[in-house]
Each structure stands twice: as structure tokens, then as C-alpha cells.
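Working notes, structure below.
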Amino acid sequence: MPIPFPLPDPPTLYHPTPLLAELRANDPVTQVEFPDGKRAWLVTRYADVRTVMMDARFSRAAASSPDQPQMGLGALASESLIAKDPPEHTRLRRLVARAFTHRRVEELRPRVAEVVADLIAGLRKQPEPADLVENFSLPLPVQVICDLLGVPAGDRDRFHGWSDAVMGNWERDQAIMVGGFTELGRYFAELIAEKRAHPGDDLMTGLIAARDEHDKLTEEELVTLGIGLLIGGHETTANQINMFLLTLREHPDQLALLRSDPALLETGVEELMRFTQLGNSVSSMIRVTTEAVELSGVTIPAGAPVMPALGVANRDPAVFADPDRLDVTRADNPHIGFGAGAHHCLGAQLARMELQEALRGLLHGLPNLRIVADDADLVFKPTMIVRSLHTLPVAWS
Amino acid sequence: MTAQWQVSVDGFGCIGSGMCAASAPDFFELDGRGRSRALHEKIDPDERVLDAAVSCPVEAISLVDLATGEEVPLD
């Protein structure tokens, strides 16, 4: 009997739903059934999840056809990076990859630290408690990705709602997602026309040149790439800042360690990436098999949708010692919080650096920072692929 | 005839994203520790390898043109 999907909500924000750990131990490659009767395979062990993400027999392009279970953006954006397989995918990705390498990201660090300092100064002027989402978590990554792309950060009120619409999960009305995507497409078409007339020193201008001068991508790919970078560049990071702080509140000893030693920010961010349950335990990045594949002794037939469950794979005791313990000093940490393989998060290095600078600013710049809401009072936006908070009230004095 | 390329991966810089091994599996693989290595030290110039090298998030892949001894430009 297939397991009904979505799985039951976990009793806490800080661990995957217990059923996933049970499956990882006893039934690591299992079938689930969506409300509409469609089925998929759910994969929960670290080694198998890595295989699903690394092995060419698991295709994102095949997963993005309209007859497959819809787990978000996929079929909506067939021209996007996440809907393509190598070598097509790599041709398109290399046009932007150089802007997100470790070296390039390190050049941006001082600017990001400056944005962090400005936002904290602004936050301190607010009466307490103030909302961290509006004053910090959201504007930080929005400012950074907007600078990089050449999108006016002042347009946030326009594009953020569309971005939320597109970041829907399997329960989100497809019409809302398509609507958000269409609006973003219109927005980017305008922006691109504007940049064609007045080129800037930014990534969108570079991509326009790659299209107009070297014919490296189509107009639709150009627009979709812009949308993907804008959404991917802020939504996850913004919510990860919130989830990191909430997770640290649950682990006062680890929070104290991070506060006492800024040198731990690097391993700390990696451990928080591993541990934090940004989404509801199961990745949306469904793949479809191009041929029959055996995983953990189970044969998945050709043409089958497969869901890699990153959140629980990151807690696999076969790979991580004491996996359900948060340890900001953990040294051996090959987590897959950014995925792996061809679709390894393009912005991973940027996100790491932003998260390090965000925590440096918040934990060291505001030593008494605390969240002043109980978990039960936190309101997450419904039907989102990531845990997205409306507000996060904080105090600091 | 075009000169061959020498492919190397900086094992210390590599973060094991799997980008190269997944996009160009004929040329790269991950070892037991999840670090990438080149399957062939010398290859005929190949667009797939260039794409993978350009796409590496930590710029750990380098290609050297064996005729000139110069690095193949990745930007």
C-alpha cells in the first residue's frame, strides 16, 4: 500500500516528520500516493538521495512534463535551469555560474557586511519588539540579489508577492502559481527592454549581451533565468535566516558557543544548513527515471517520479554521528542542504556568505537579540515550499 | 590537430557539489570521500568539460592547453 502524500506534519519545526526516519531505517525506497491518485517513489537514505541527484538516469527534464505530479515550478517553467538536464542545462548554467563562484562571492562580502550593518542600525531605531522579517531577513537577500542582477530593490513590494505565488508547494492552486510566474515574466521583459536601452554593470546586462551578441540563449530562457535568479536569490535565504534563529533558540548552548566565538560561524552555518528543516522535509525537486534503476535493493521502473527527501537524508546516522544533535563545531559535514549534482544550488556560495554575515551581525552586533514569540504563535504562510514566516518579533535591549 | 588539454581537480578546494560528475560523467567522478577527480588526465578539447569547469562553484577544475602550457580561459 502506498503511503498517502503529503506526509503528516511533524510535531515540531526542528526535526523531520518521524515517519521519514522510520522509512529511512526500514523502507528507504517506498511508494507514496498524492491526493489525485498519482504515485511517486520517496527516497530517504543519504546515499540514495545523492544518487537521485547525481545520476543522469534521474531526469529533471522528464519531471517537468505536465503529466507528472506537480511539485512546484517544474512544468511552469520548462525553460528554467531546474527543468533541464545536462548537457543543455550546463550550457545555460555556465552563463551565470561564474557570477556565483566562491571567489566572486568573497568579493561581495564587504558589501554584504555593510548592508547587514545598515539594516541592524535601522532595526535598532524601531520600537521593541520589531519584526525581523520586514527589517532584516527579507531586505538583506533582496538587496544582495538585486545588486547582483541589476533589479531595483525598491520594486520588492511588486515582485515579492509574485515570488511567493511561484514558491508554492503541491497544495498550492496551480492558477496562482502560473499567475505569479506570468507577472514576473512581464516584469522581467520590461526590465530587459530597459537594460537593452541603458546597459548596466550587472548580471542581467551580461546575460542580455550573451543573447544579443553571441546568441547563447533564447529570449524565453533569458527571462526565465532572471526570474529563477531573483526568486532563488532571496526567498530561501530570507527564511533560512528566520529558521536558523528559531533553531538556535532551541539550542541555547550552541547559540552561546556561536556568540562566544565568531570563528565558529563557518562550521556553524554548515551545521545549521544540515540540521534546519527549511521545508516540510521533502524536496520539491522531483526527478523521473529514464530507465529502471535499483536503489537499496528496490527496482524503480522507468518513467517513475522520484522524490529525494533531503531533510531526513541530512540526519542519516550512516553518514553523520549523532545526527539529530545540533553541533556547530561539527567538522566532517558533507550535508546536502544545497542539493548535489548538476542542480546543486547555483547560489550556494552566496547563501553561505550571506548567512554567515547575517549571523555575525545579529549574534555579535545584537548580543541580547531574542525572539519574543512562542513557536505556537508563529504564523507561516500556507502552501509554500519553504517555511515562510509572515513576521518574527524580536527584541534586543 | 588541436592540442590536448590536461584536466586537474584541486582536491582541497573541491566541496563535492557533484556539479562536474553529474554534468560530465565521462570525465569526472566523485571518490569515496565525495571529492571530484578527473577520469582522464589528458583529453581532446571537449565543450562538456569546459562547461563543467566553468560551472564549478569553487573554481577547482583547471584545464591546461598542452601545446602552449597556458590555462584554458574559463571566463
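The values are calculated or read from the model by the stated rules, or taken from the named source; none is laboratory data. Predicted, not measured: the structure shown is a model, and the values here were computed from it. Cβ: placed from backbone, ideal geometry, glycine included. Neighbour counts: every protein chain shown.
In this structure, A:Glu270 does not qualify as within 14 Å of another protein chain (Cβ to nearest Cβ), part of a helix (DSSP H, G or I) and surrounded by fewer than 15 Cβ atoms within 10 Å (Cβ to Cβ).
Away from every other protein chain (no Cβ under 14 Å) and surrounded by 14 or more Cβ atoms within 10 Å (Cβ to Cβ), is that true of A:Thr30? So A:Thr30 fits the description; yes. Screening A:Pro127, A:Pro110 for residues that are more than 19 Å from B:Ser23 (Cα to Cα), outside any helix (DSSP H, G or I) and without any contact (Cβ under 8 Å) to a residue 40 or more places away in the chain leaves exactly one candidate, A:Pro127. Can you name every residue in segment A:354-377 that is modelled with pLDDT of 95 or more and of a type in the set (A, V, I, L, M)? Scanning segment A:354-377 gives A:Leu355, A:Ala358, A:Leu359, A:Leu362, A:Leu363, A:Leu366, A:Leu369, A:Ile371, A:Val372, A:Ala373. Flag: A:Val282 matches the condition of being part of a loop (DSSP other than H, G, I, E, B), β-branched (Val, Ile, Thr), touching a residue at least 40 places away in the same chain (Cβ under 8 Å) and within 24 Å of A:Gly168 (Cα to Cα).
Kindly establish whether A:Glu190 is assigned to a helix (DSSP H, G or I) and over 30 Å from A:Leu265 (Cβ atoms). It is true that A:Glu190 is assigned to a helix (DSSP H, G or I) and over 30 Å from A:Leu265 (Cβ atoms). In the set A:Ala175, A:Ala197, only one residue is at pLDDT 95 or above and either under 22 Å from A:Asp147 (Cα atoms) or surrounded by fewer than 21 Cβ atoms within 10 Å (Cβ to Cβ) (or both); that residue is A:Ala197. Take the residues in segment A:130-160 that are assigned to a helix (DSSP H, G or I) and of a type in the set (Val, Ile, Thr), then tell me which one is surrounded by the fewest Cβ atoms within 10 Å (Cβ to Cβ). The qualifying residue surrounded by the fewest Cβ atoms within 10 Å (Cβ to Cβ) is A:Val133. Could you check segment A:196-205 and list, in sequence order, the residues that are farther than 14 Å from A:Asp155 by Cβ, in contact (Cβ under 8 Å) with a residue 24 or more places away in the chain and in a helix (DSSP H, G or I)? Of everything in segment A:196-205, those that are farther than 14 Å from A:Asp155 by Cβ, in contact (Cβ under 8 Å) with a residue 24 or more places away in the chain and in a helix (DSSP H, G or I) turn out to be A:Leu203, A:Thr205.
Within the set A:Ala238, A:Ala263, A:Ala256, the sole residue that is in a helix (DSSP H, G or I) and farther than 24 Å from B:Ile15 by Cβ turns out to be A:Ala256. Put simply, of B:Ser62, B:Ser17, B:Ser8 the only residue that is more than 14 Å from chain A (Cβ to nearest Cβ), of a type outside the set (A, V, I, L, M, F, W, C) and not in a helix (DSSP H, G or I) is B:Ser8.
Number of residues in segment B:4-26 that are surrounded by fewer than 24 Cβ atoms within 10 Å (Cβ to Cβ), free of Cβ contacts under 8 Å to residues at least 60 places away in the same chain and under 9 Å from the mean Cα position of the chain (by Cα) equals 2. Consider segment A:161-172 and keep the residues that are without any contact (Cβ under 8 Å) to a residue 40 or more places away in the chain and closer than 13 Å to A:Met384 by Cβ. The one that is farthest from the chain's Cα centre (by Cα) is A:Gly161.
Looking across segment A:315-357, the residues that are more than 14 Å from chain B (Cβ to nearest Cβ) and assigned to a loop (DSSP other than H, G, I, E, B) come down to A:Arg315, A:Pro317, A:Ala321, A:Asp322, A:Pro323, A:Asp324, A:Arg325, A:Leu326, A:Asp327, A:Val328, A:Thr329, A:Arg330. Restricting segment A:301-324 to residues that are surrounded by fewer than 22 Cβ atoms within 10 Å (Cβ to Cβ) and out of contact with any Pro (no Cβ under 8 Å at 6 or more places or on another chain), the residue that is nearest to A:Leu389 (Cα to Cα) is A:Asp324. One residue stands out in segment B:32-42 among those that are within 12 Å of chain A (Cβ to nearest Cβ) and over 10 Å from the mean Cα position of the chain (by Cα): the one that is surrounded by the fewest Cβ atoms within 10 Å (Cβ to Cβ), namely B:Gly32. Residue-level analysis places A:Ile385 outside the set of residues that are under 18 Å from A:Gln277 (Cα atoms), in contact with a helix residue (DSSP H, G or I) (Cβ under 9 Å, 6 or more places away or on another chain) and within 14 Å of chain B (Cβ to nearest Cβ). Tallying residues that are in contact with an Asp or Glu (Cβ under 6 Å, 6 or more places away or on another chain) and more than 10 Å from every other protein chain (Cβ to nearest Cβ) within segment A:74-118 yields 4.
A quick yes/no check of all residues on (1) surrounded by 15 or more Cβ atoms within 10 Å (Cβ to Cβ); (2) under 27 Å from B:Asp26 (Cα atoms); (3) within 14 Å of chain B (Cβ to nearest Cβ):
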position: A:Phe5; (1), (2), (3): yes, no, no
position: A:Asp9; (1), (2), (3): no, no, no
position: A:Leu13; (1), (2), (3): yes, no, no
position: A:Pro16; (1), (2), (3): yes, no, no
position: A:Val43; (1), (2), (3): yes, yes, no
position: A:Val49; (1), (2), (3): yes, yes, yes
position: A:Gln68; (1), (2), (3): yes, no, no
